[in-house]
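**Student:** Handing you a structure now.
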Amino acid sequence: MGAATRDPDQGRRFLRYGRRTAALAGSVALTFLGLLFVTFLIGRVVPIDPVLAAVGDRAPAEVYERVRVELGLHLPLYQQFLIYLGKVVRGDLGHSVLTANPVTTDILRVFPATLELATAATLFGILLGIPMGVLAAVHQGRWPDQMLRVIGLFGYSIPVFWLGLMGLLLFYGRLDWAPGPGRLDVFYEGLLETRTGVILIDSALAGEWDIFRNALAHIALPALILGYFSLAYISRMTRSFMLEQLNQEYITTARVKGVSEGAVIWRHALGNVRIPLVTVIALSYGNLLEGSVLTETVFAWPGLGFYLTQSLLSADMNAVLGGTIVVGAVFIGINLLSDFLYRIMDPRAR
């Protein structure tokens, strides 16, 4: 009898779960379709002729027309978009004029470098940004709060390319504390078997600790500079969330009951802050993945941002649009992951 009464409830829960899953899948599909439509329009609006980029400005008229037909540029826009949509769904982002390789192959080659840099920068922002935000909230209005807020303000105000150039000038040019641009010294290039594309992981798996230390030294400065902006954002949001929690009644009750101040702050208040912080960290990580273009350019870091910059300077629109699609897809995926983690950590969201 009990099993019979539970079955309808389980069926309704399963139905609700299926509806939510379908709604989420539809939302993701529409978002990705909108991303593709925008990138397609950008490729048609920019004043760059993809045919000239492919054949050169000295090609005969018949060659120009033949390549134009091969690229499908003689068709109406809606047909061009449908063809473009079908190719992207199959993983075909076209060929790069700069490297003559498929854009998908190029992105798979350069994206691990961006992933490595953005991950290191985000870890730096988390490890320092959260404690800074907590301390600023605890000492609200006093000198620690003012000092930490000024540090965060600089992170929002200073252009990343200027900070990168000054970092290279000081730590590489003057003090010789940091190695030069790039991911490795020239001596170590080509000595490591590529497994994941992330040098720190590949060198650790292979037991090549000299390469690991060299890669760590190379990534330290760009990761610290890029992570400074993540630190500023995470610390500001942590401070705001903590101030809201420290004014709640349960904090006063815990203090009245004799709970230590450290437990009140780091266990109770920060424990309730961790849920919205998941979204903040995910957004910060996504921004670093798509916003590391200038940092990679300054440090000659062979990642997606550096690849897009070189492609844009070479009028290689297939590479530029393909990279834009990948960055947008990654950002959508990170938002989905943060929503999933939010539901796991907060039963009320379920």
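**Student:** Keeping to region 178-210, report how many residues are among the aliphatic types (A, V, I, L, M) and part of a helix (DSSP H, G or I).
**Tutor:** Here is the first cut: in region 178-210, the residues among the aliphatic types (A, V, I, L, M) are 178, 184, 186, 191-192, 198-201, 204-206.
If we keep only those that are part of a helix (DSSP H, G or I) as well, we get 186, 199-201, 204-206.
So the count comes out to 7.
**Student:** Does at least one position in region 234-249 carry a residue that is in a helix (DSSP H, G or I), buried (at least 20 other Cβ atoms within 10 Å of the Cβ) and touching a Ser or Thr at 6+ places or on another chain (Cβ under 7 Å)? Let's see the steps before the verdict.
**Tutor:** Narrowing region 234-249 to residues in a helix (DSSP H, G or I): 234-246, 249.
Pick out the ones that are also buried (at least 20 other Cβ atoms within 10 Å of the Cβ) and you get 234-239, 241-242.
Still in the running and touching a Ser or Thr at 6+ places or on another chain (Cβ under 7 Å): 234.
Yes - at least one qualifying residue is present in region 234-249.
**Student:** If you don't mind, there's one more thing I want to ask. Would you pick out the residues in region 309-319 that are free of Cβ contacts under 8 Å to residues at least 60 places away in the same chain and either surrounded by 21 or more Cβ atoms within 10 Å (Cβ to Cβ) or among the hydroxyl-bearing types (Ser, Thr, Tyr) (or both)?
**Tutor:** Hit for region 309-319 is Thr309, nothing else.
**Student:** Something else: In region 190-213, is there at least one residue being surrounded by 15 or more Cβ atoms within 10 Å (Cβ to Cβ), polar (S, T, N, Q), in contact with a helix residue (DSSP H, G or I) (Cβ under 9 Å, 6 or more places away or on another chain) and within 30 Å of Ser157 (Cβ to Cβ)?
**Tutor:** Applying the first criterion (surrounded by 15 or more Cβ atoms within 10 Å (Cβ to Cβ)) to region 190-213 yields 192, 197-203, 208, 211-212.
The next check asks that each one be polar (S, T, N, Q); those that pass are 203.
Next cut, in contact with a helix residue (DSSP H, G or I) (Cβ under 9 Å, 6 or more places away or on another chain) only: 203.
Among the residues that remain, those that are also within 30 Å of Ser157 (Cβ to Cβ) are: none.
Looking through region 190-213, none of the residues is surrounded by 15 or more Cβ atoms within 10 Å (Cβ to Cβ), polar (S, T, N, Q), in contact with a helix residue (DSSP H, G or I) (Cβ under 9 Å, 6 or more places away or on another chain) and within 30 Å of Ser157 (Cβ to Cβ).
**Student:** The conditions are (1) outside any loop (DSSP other than H, G, I, E, B); (2) of a type in the set (Ser, Thr, Tyr); (3) touching a helix residue (DSSP H, G or I) at 6+ places or on another chain (Cβ under 8 Å), and Thr105 fails exactly one of them. Which is it?
**Tutor:** In the conditions (1) outside any loop (DSSP other than H, G, I, E, B); (2) of a type in the set (Ser, Thr, Tyr); (3) touching a helix residue (DSSP H, G or I) at 6+ places or on another chain (Cβ under 8 Å), Thr105 misses (3) alone.
**Student:** Is it fair to say Thr238 is in contact with a Pro (Cβ under 9 Å, 6 or more places away or on another chain) and among the hydroxyl-bearing types (Ser, Thr, Tyr)? Outline the logic, then answer.
**Tutor:** On the way: in contact with a Pro (Cβ under 9 Å, 6 or more places away or on another chain): yes; among the hydroxyl-bearing types (Ser, Thr, Tyr): yes.
It is true that Thr238 is in contact with a Pro (Cβ under 9 Å, 6 or more places away or on another chain) and among the hydroxyl-bearing types (Ser, Thr, Tyr).
**Student:** Give Leu153, Leu170 a once-over and let me know the one that is more than 24 Å from Glu116 (Cβ to Cβ), assigned by TED's automatic domain parsing to the domain that holds Val293 and not in a loop (DSSP other than H, G, I, E, B).
**Tutor:** On the way: Leu170 fails: more than 24 Å from Glu116 (Cβ to Cβ).
Residue meeting the stated conditions: Leu153.
Rundown of residues vs (1) crowded, with 18+ Cβ neighbours inside 10 Å; (2) assigned to a helix (DSSP H, G or I); (3) assigned by TED's automatic domain parsing to the domain that holds Phe171, yes/no style:
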site	(1), (2), (3)
Arg255	no, yes, yes
Gly258	no, no, yes
Ile265	yes, yes, yes
Ile275	no, yes, yes
Thr279	no, yes, yes
Ala282	yes, yes, yes
Gly286	yes, yes, yes
Tyr307	yes, yes, yes
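**Student:** Failed condition for Pro60, given (1) in contact (Cβ under 8 Å) with a residue 40 or more places away in the chain; (2) loosely packed, with under 11 Cβ neighbours inside 10 Å, with all others met?
**Tutor:** Pro60 satisfies all of (1) in contact (Cβ under 8 Å) with a residue 40 or more places away in the chain; (2) loosely packed, with under 11 Cβ neighbours inside 10 Å except (1).
**Student:** Only one of (1) in contact with a strand residue (DSSP E or B) (Cβ under 9 Å, 6 or more places away or on another chain); (2) farther than 30 Å from Gly56 by Cβ; (3) not hydroxyl-bearing (Ser, Thr, Tyr) fails for Ile344. Which number is that?
**Tutor:** In the conditions (1) in contact with a strand residue (DSSP E or B) (Cβ under 9 Å, 6 or more places away or on another chain); (2) farther than 30 Å from Gly56 by Cβ; (3) not hydroxyl-bearing (Ser, Thr, Tyr), Ile344 misses (1) alone.
Residues are listed down the side, and each one gets a yes or a no for (1) surrounded by fewer than 17 Cβ atoms within 10 Å (Cβ to Cβ); (2) of a type in the set (Gly, Ala, Ser); (3) more than 20 Å from Ile199 (Cα to Cα):
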site: Leu77; (1), (2), (3): yes, no, yes
site: Phe81; (1), (2), (3): yes, no, yes
site: Lys87; (1), (2), (3): yes, no, yes
site: Gly91; (1), (2), (3): yes, yes, yes
site: Val97; (1), (2), (3): no, no, yes
site: Ala118; (1), (2), (3): no, yes, no
site: Leu128; (1), (2), (3): no, no, yes
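**Student:** Only one of Arg16, Arg66 is outside the structural domain of Gly333 (by TED's automatic domain parsing) and either at pLDDT below 75 or closer than 30 Å to Phe340 by Cα (or both); which? Can you show your working first?
**Tutor:** Working: Arg66 fails: either at pLDDT below 75 or closer than 30 Å to Phe340 by Cα (or both).
Selected residue: Arg16, the only one of Arg16, Arg66 that is outside the structural domain of Gly333 (by TED's automatic domain parsing) and either at pLDDT below 75 or closer than 30 Å to Phe340 by Cα (or both).
**Student:** Still on this model: Does Ile107 fit the bill of being in contact (Cβ under 8 Å) with a residue 12 or more places away in the chain, buried (at least 17 other Cβ atoms within 10 Å of the Cβ), of a type in the set (A, V, I, L, M) and closer than 30 Å to Asn272 by Cα? Walk me through how you get there before you give the answer.
**Tutor:** Working: in contact (Cβ under 8 Å) with a residue 12 or more places away in the chain: yes; buried (at least 17 other Cβ atoms within 10 Å of the Cβ): yes; of a type in the set (A, V, I, L, M): yes; closer than 30 Å to Asn272 by Cα: no.
Spelling it out, it is not the case that Ile107 is in contact (Cβ under 8 Å) with a residue 12 or more places away in the chain, buried (at least 17 other Cβ atoms within 10 Å of the Cβ), of a type in the set (A, V, I, L, M) and closer than 30 Å to Asn272 by Cα.
**Student:** Got at least one residue in region 329-342 being modelled with pLDDT under 85, closer than 21 Å to Leu127 by Cα and more than 16 Å from the chain's Cα centre (by Cα)?
**Tutor:** Yes; the residues of region 329-342 include at least one that is modelled with pLDDT under 85, closer than 21 Å to Leu127 by Cα and more than 16 Å from the chain's Cα centre (by Cα).
**Student:** Of everything in region 33-50 that's part of a loop (DSSP other than H, G, I, E, B) and touching a residue at least 24 places away in the same chain (Cβ under 8 Å), which residue is farthest from the chain's Cα centre (by Cα)?
**Tutor:** First, pick out the residues of region 33-50 that are part of a loop (DSSP other than H, G, I, E, B): 46-49.
Narrowing the set further to residues that are touching a residue at least 24 places away in the same chain (Cβ under 8 Å) leaves 46, 48.
On the way: Val46: 25, Ile48: 28 Å.
Applying the filter and picking the extreme gives Ile48.
The values are calculated or read from the model by the stated rules, or taken from the named source; none is laboratory data. Fair warning: this is a prediction, and the values are worked out from it, not measured in the lab. Using ideal geometry, Cβ is built from the backbone for each residue, glycine included, and neighbour counts are taken over all protein chains shown.
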